[in-house]
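The values are calculated or read from the model by the stated rules, or taken from the named source; none is laboratory data. Just so it is clear, the structure is predicted and the values come from calculations on it, not from any experiment. Positions of Cβ are backbone-derived with ideal geometry, glycine not excepted, and every protein chain shown enters the neighbour counts. When the accessible area is computed, the model is the full protein with side chains, heavy atoms only, and any ligands, DNA or RNA have been set aside. Shrake-Rupley method; radii C 1.70, N 1.55, O 1.52, S 1.80 Å.
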Amino acid sequence: MNKDRVIKAISNSHNVKMTVVDATESLNNIIKLHETNPLAIIALSRVVLATILIGSDMKNATDKMTAIINGNGPIGTMMAEYTGHKVRAFCGNPQFDVEQIDRSKNVISQVVGTDGYLRVMKDLGMKDSFSGQIELISGEINLDFTYYLAQSEQIKSVIACSIKMNDDNTIAKAIGFYAQLLPEHKDEDIDYLEEKVGNLESISHKLIAESDLTNVFKLIDENAKVLETDSVAFECSCSYEKALASAKLLGDEQLNEILEKNSEVEIVCDFCRKKYTIKVADLKGLLKE
């Protein structure tokens with residue numbers, strides 16, 4: 001049985017809402033598919049955790065949030081998608097050479113790079129989707145998502161994501177924490193939150209150390225009230241129909257060349273690595289559309 005959970009709580013006395021996510025099982029499934037090296041595991045896991053934390057605020061099961069980070073670092077583009085309590089993700093180069101990373105400096109910033117962007121897109125079932133983007137300020141992901149929320153969504157908040165590894169390069173624990181001021185907050189609530197989360201490192205250690213994640217809320221307020229608990233799991237939404245749609249992007253000229261050789265086309269899903277073989281008859285159908 002899947003154990004991954006999203007837990008929400010509120011501090012009424014300080015006008016703060018909080019979320020904790022445990023996505024250990026989901027992320028172990030994702031990194032196994034992508035055969036990710038240890039440093040890529042940490043970077044991609046942080047992106048996934050942050051995406052779940054922010055995406056879990058969406059109201060409807062059909063709402064979708066996508067986060068894309070590209071800092072021109074060796075890991076390449078990272079993408080995570082969250083919808084209906086399901087998450088999936090990939091990175092462009094999961095097996096980059098870890099020897100090029102200077103361990104005496106911020107490791108994850110080097111893996112991700114700092115010359116790039118974080119883009120967040122939300123499809124809430126309306127006519128127009130929401131999209132916001134910032135330039136990366138650190139490349140270590142936690143600060144970049146926190147800065148994104150402040151700049152693009154005008155929300156005073158903090159995100160902290162922690163990953164503990166096993167000796168066999170699987171994930172022992174992947175936990176994320178999100179604290180956000182409510183719209184009715186007062187100036188003293190801003191000062192209070194800044195004081196409480198001033199040391200992100202202590203929060204990160206607490207996330208890994210706690211077996212009962214609801215105790216993390218007590219870092220902000222001893223009397224915080226737990227509101228709800230939901231499940232989250234890795235699941236890919238790819239299909240033959242979607243693979244066929246992506247084959248159409250090859251264009252008529254390239255499709256005609258393929259059909260002249262009477263060849264089929266293999267499409268591989270970036271997220272789950274599943275292979276779809278597009279039949280010749282279906283390729284001909286694309287040319288008629």
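Values computed for the structure shown
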quantity: Dipole-positive endmost among Gly285, Leu149, Thr66 within the chain (Cβ charges, Cα centre); calculated: Gly285
quantity: Most fluctuating residue given options Ser104, Ser231, Ser13, as computed from a GNM of the chain linking Cα atoms under 10 Å; calculated: Ser104
quantity: Simple label model, 7 Å out from Cα along Cβ direction - Thr77 to Glu257, nm; calculated: 2.1
quantity: Centroid-to-centroid separation of the stretch 150-180 and the stretch 1-77 [C-alpha atoms, Å]; calculated: 7
quantity: In nm, spacing of pseudo-spin labels at Phe130 and Asp115 (7 Å Cα→C-beta vector); calculated: 3.3
quantity: Overall Cα dimensions of the chain, principal axis frame, Å, largest first; calculated: 70, 47, 39
quantity: Trypsin sites (Lys or Arg not before Pro) lying in DSSP loop within the stretch 182-289, provided at most 16 other Cβ fall within 10 Å; calculated: Lys186, Lys261, Arg273, Lys274, Lys279
quantity: Loop-resident sites, the stretch 72-113, for trypsin sites (Lys or Arg not before Pro), counting at most 10 other Cβ within 10 Å (DSSP); calculated: Arg103, Lys105
quantity: Inter-site label distance for Ala150 and Asp102 at 7 Å from Cα along Cβ, in nm; calculated: 2.6
quantity: Rounded to the nearest 20 debye, dipole of the stretch 5-234 from Cβ charges on Lys, Arg, Asp, Glu; calculated: 520
quantity: Difference of contour (0.36 nm per residue) and Cα-Cα distance, Glu184 to Glu210; calculated: 6.3 nm
quantity: Additional length obtainable on full extension of the chain from Ser246 to Lys32, 0.36 nm per residue less Cα span; calculated: 74.6 nm
quantity: Residue with peak Gaussian network fluctuation, the chain [Cα springs, cutoff 10 Å], from Ile278, Ile52, Ile42; calculated: Ile278
quantity: Accessible area per residue, Å², the stretch 14-88 with all protein chains present, probe 1.4 Å; calculated: 30
quantity: Where the stretch 199-289 is the region considered: accessible area per residue in Å², 1.4 Å probe; calculated: 63
quantity: Carbon and sulfur %, accessible surface of the chain computed with the full protein complex present, 1.4 Å; calculated: 46
quantity: Crossing angle, helix 24-34 versus the chain [Cα axis fit, 0-90 degrees, rounded to tens]; calculated: 30
quantity: Free-standing Cys residues across the chain, given no other cysteine C-beta under 4.7 angstrom; calculated: Cys91, Cys161
quantity: Fluctuation leader among His85, His14, His185 - the chain, Gaussian network, Cα springs under 10 angstrom; calculated: His185
quantity: The chain: calculated mean residue ellipticity at 222 nm from DSSP helix runs of at least 4, using -39500 (n - 2.57); calculated: -9500 deg cm²/dmol
quantity: Karplus-derived 3J(HN,Hα), 6.51/-1.76/1.60, for each residue of the stretch 183-197, Hz, glycine and proline x; calculated: x, 8, 5, 10, 4, 5, 5, 4, 4, 5, 5, 4, 5, 5, 9
